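> Below is one structure. I have some questions about it.
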Amino acid sequence: MNKKVLHITEDGSHTIADEALNVTYHSKHGAIQESRHVFINAGLNYFLQQHLNNKQVCVFEMGFGTGLNALLTLQQAIQLNQKIIYQTIEPYPLSAEAYLRLNYASLIDNELQQNFTAMHTCEWNKPVSIHPLFSLQKIITTLQQFITAQQFDVIYFDAFDPNAQPELWTIEIFKKMFDHMLHSNGVLTTYCSKGIVRRALQFVGFTVEKLKGPKGKREIVRAVKTLI
């Protein structure tokens, strides 16, 4: 089993280091600030601004990990009174010893601690109501083996760096993501702006935009599904 080590990032929030892969789950410059910048602001909020009357939004996260992106999405659902259906995969869930130490709810909103714990403890492979506005389905699988009938409006592509998991940043994978988007103008965001990633996204049909990155990162990518 890969050793997981808890670290405090520059904004006071936790990340976890996977020593076997030599990667961290979130930026050392600030886990919460990175997730808000890349996935909430550039992804979810951007989509909602383009679709003001959506009764519900379907979000897919590649890599449930610490649950931080899901928690921040729940916070947005509550603040905006927006129903969100959230589906995520994770082949290697964190142990209770690891997730019970994470300090995200105390920094984001103490009232969400019970919801955050429920995200980690709820049953896998079935939809669970975490909040009246937020349904979560966690699936234990790899992205290559992932099968779903759900179509998505927003995708948080939060796999480990291409150097650690090159098999997840391919044309085949991004074609799968493109095909699982509900309609034109679906949004995929990722922290990785490497040329090989942008070219793969463009090849399968996304319109790709480089955006200013969070602290410690020059650029991120937003890819929009455009149909002619």
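Bear in mind these aren't lab numbers, they're just calculated from the coordinates by the rules spelled out. The model shown is predicted, which means the values in this text are computed figures rather than measured ones. Don't worry about glycine lacking a Cβ; one is built from the backbone with ideal geometry, like all the others, and counts go over all protein chains shown.
> Give me the distance in nm between label points sitting 7 Å out from Cα along the Cα-to-Cβ direction at Ile196 and Gln165, one decimal.
The two pseudo-label positions are separated by 1.6 nm.
> Greater than 32 Å separation of Cα atoms is the criterion. Which listed pairs, Lys175/Lys217; Lys4/Lys215; Lys175/Lys215; Lys126/Lys217; Lys83/Lys225; Lys83/Lys176, meet it? Display every interim value, and only then the final one.
Working: Lys175/Lys217 26 Å; Lys4/Lys215 24 Å; Lys175/Lys215 30 Å; Lys126/Lys217 36 Å; Lys83/Lys225 22 Å; Lys83/Lys176 25 Å.
Flagged as over cut-off: Lys126/Lys217.
> Tell me, in nm to one decimal, what length is gained between Ala118 and Glu219 on full extension, where the rule is 0.36 nm per residue of separation less the Cα-Cα distance?
Values: separation 101, 0.36 × 101 = 36.36 nm, distance 3.34 nm.
Extending this stretch completely gives an extra 33.0 nm.
> What are the residues whose amide H is under 5 Å from the amide H of Ile155, where those residues sit 5 or more places off or on another chain and H is modelled from the backbone?
Result for Ile155 returns Phe60, Val187, Leu188, Thr189.
> For Asn53 and Leu227 in one chain, what is 0.36 nm times their gap in residues minus the Cα-Cα distance, to one decimal in nm? Please list the in-between numbers first.
Values: separation 174, 0.36 × 174 = 62.64 nm, distance 2.10 nm.
Contour length minus the Cα-Cα distance gives 60.5 nm.
> Name the long-range amide H neighbours of Leu211: under 5 Å, sequence gap of 5 or more, or other chain; modelled H, no Pro or chain starts.
Amide H neighbours of Leu211, under 5 Å, 5+ apart: Ile220, Val221, Arg222.
> Could you work out the mean projected area of the convex hull around the alpha carbons of region 30-225, in square nanometres to one decimal? Show your work: numbers first, answer last.
Values: hull surface 41.0 nm².
Projected area, direction-averaged: 10.2 nm².
> Please work out the FRET efficiency for the pair Asn185 and Arg101, using the Cβ-Cβ distance as r and a Förster radius of 25 Å; give the result to the nearest 0.05. Spell out each step's value before the answer.
Numbers: r = 39 Å, r/R0 = 1.56.
Approximately 0.05, to the nearest 0.05.
> May I ask you to derive the relative contact order of the chain, considering only C-alpha pairs under 8 Å and at least 6 residues apart, and to give it as an integer percent? The partial results should precede the final answer.
On the way: 422 pairs, mean separation 44.2, N = 228.
The normalised contact order for the chain reaches 19 percent.
> With a cut-off of at most 13 other beta carbons within 10 Å, and DSSP calling the residue loop, which trypsin sites (Lys or Arg not before Pro) in region 1-52 qualify? Please list them. It would help to have the intermediate numbers written out before the result.
Working: sites: Lys3, Lys4, Lys28, Arg36; in loops: Lys3, Lys28.
Loop-located and lightly packed - Lys3.
> Quickly estimate the mean residue ellipticity at 222 nm for the chain, helices only: each DSSP H run with n ≥ 4 gives -39500 (n - 2.57), and the total goes over all residues, rounded to 500. Spell out each step's value before the answer.
On the way: 8 runs with 60 residues, N = 228.
Taking each H run of at least 4 residues, the total per residue is -7000 deg cm²/dmol.
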